[in-house]
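K.L.:
Take this structure, written in structure tokens, and hold onto it; I'll ask about it next.
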Amino acid sequence: MKIWTLAFAALSFIPFTAHAQTSVDAANRFTGGILLQDTDYHSDGSYAVKGQLVEGGYKAAINPRFAIGGGVGLMFDGDIGRDHTIGSGEGFRLFGDAQYEFHRFNQNKIIGTGTLSFDRFSFSEAGTKVDFKATEFKIGGLFMHDVREFSLYGGLEIVLYSNASTQIHNISEDAHRDDRLNVRLGATFNATKNVALRADLLLIGEQTILFAADFAL
């Protein structure tokens, strides 16, 4: 357990790339963070949508077990493609998320999660412009363990619905995820009673990391 504790503690201080949107281990918190996205899609061929997003959101407790949240992200310095990419990506993401605590025992929790998101990004380079849109719904399950000031968690996430499209000039093509399964890992460090630092990582279907701070009211 000592090795895993140290590994997740280190992860929580990585000041770059993640996902997860609003707070995971507590509600009634504002969240601000930087997200680095790298998601694979397939149309006639495979391509990746990459970019950095500044995100902000809020999660509210509906009752002691159930919480819902939402927010917005703004993309900058994004690109789309595979061997040949088109850069200067910018745009926005709207998202809503929810979580339900199914069971708690000792220092452990079993949590169900859901996320609905809408992306609208534009990429432009050398006279070529690509518009990308995607609406997605994900559900997942997490096992969380508290170790002093840290909350460590891991689980699986499935993309139940993915509806994406790209438009180059007047030509539009539908797209879908290359892989709909994600492994999710994360850690939260409760720096003070009202401030927590968090890193959240998604692997397999996408390679996305979030470094965020959660602020209690």
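K.L.:
Run the simple label-point estimate for Phe118 and Asp40 please: 7 Å along Cα→C-beta, distance reported in nm.
P.N.:
Going from the Phe118 label point to the Asp40 one covers 2.9 nm.
K.L.:
Also, I was wondering about something else. Please list, by residue number, every one of the GluC sites (Glu not before Pro) in the range 76-142 that is coil in DSSP and has at most 16 other beta-carbon atoms within 10 Å.
P.N.:
Counting only loop positions with at most 16 other Cβ atoms within 10 Å, none of the GluC sites (Glu not before Pro) in the range 76-142 qualifies.
K.L.:
Related question: Would you grab the residues whose amide H sits under 5 Å from the one on Gly51? Only those 5+ places off in sequence or on another chain, please, with H modelled 1.01 Å from N.
P.N.:
Gln37, Asp79
K.L.:
At 7 Å along the Cα-to-beta-carbon direction for both Ile110 and Ser88, put a label point, then send me their distance in nm to one decimal.
P.N.:
Simple spin-label model gives 5.2 nm for this pair.
K.L.:
Tell me, what is the FRET efficiency for Asp77 and Tyr161 to the nearest 0.05, using R0 = 30 angstrom and their Cβ-Cβ distance as r?
P.N.:
My answer for the efficiency is 0.60.
K.L.:
Can you give me the distance in nm between label points at Val195 and Asn170, each placed 7 Å from the Cα along the Cα-to-Cβ direction?
P.N.:
Result for the modelled spin labels: 5.5 nm.
K.L.:
Using helices alone, what [θ] at 222 nm do you get for the chain, with -39,500 (n - 2.57) per DSSP H run of 4 or more residues, divided over all residues and rounded to the nearest 500?
P.N.:
-1500 deg cm²/dmol
K.L.:
5 Å is the cut-off here: which amide hydrogens, built 1.01 Å from N in the peptide plane, fall below it relative to Ala61, excluding neighbours closer than 5 in sequence?
P.N.:
Under 5 Å from the amide H of Ala61: Asn28.
K.L.:
At most 10 other Cβ atoms within 10 Å plus a DSSP loop assignment makes a site exposed; report the longest stretch of the chain without any exposed trypsin sites (Lys or Arg not before Pro).
P.N.:
Free of exposed loop sites, the longest segment is 1-81.
K.L.:
Another question, then. Just the number please: accessible area per residue for the chain, 1.4 Å probe, all protein chains included, in Å².
P.N.:
Per-residue value: 49 Å².
K.L.:
Note the angle between two axes, namely the Cα long axis of helix 2-11 and the longest principal axis of the Cα atoms of the chain, as a number of degrees from 0 to 90, rounded to the nearest 10.
P.N.:
Computed tilt is about 50 degrees.
K.L.:
For the range 41-168, what % of the accessible area comes from carbon and sulfur atoms, probe 1.4 Å?
P.N.:
The computed percentage sits at 56.
The values are calculated or read from the model by the stated rules, or taken from the named source; none is laboratory data. Note that the coordinates shown come from a computational prediction; the quantities given were computed from them, not determined experimentally. Neighbour counts are summed over all protein chains in view; Cβ atoms, including those assigned to glycine, are modelled from backbone coordinates with ideal geometry. These area figures cover heavy atoms from the full protein model, side chains too; ligands, DNA and RNA do not enter into them. Shrake-Rupley method; radii C 1.70, N 1.55, O 1.52, S 1.80 Å.
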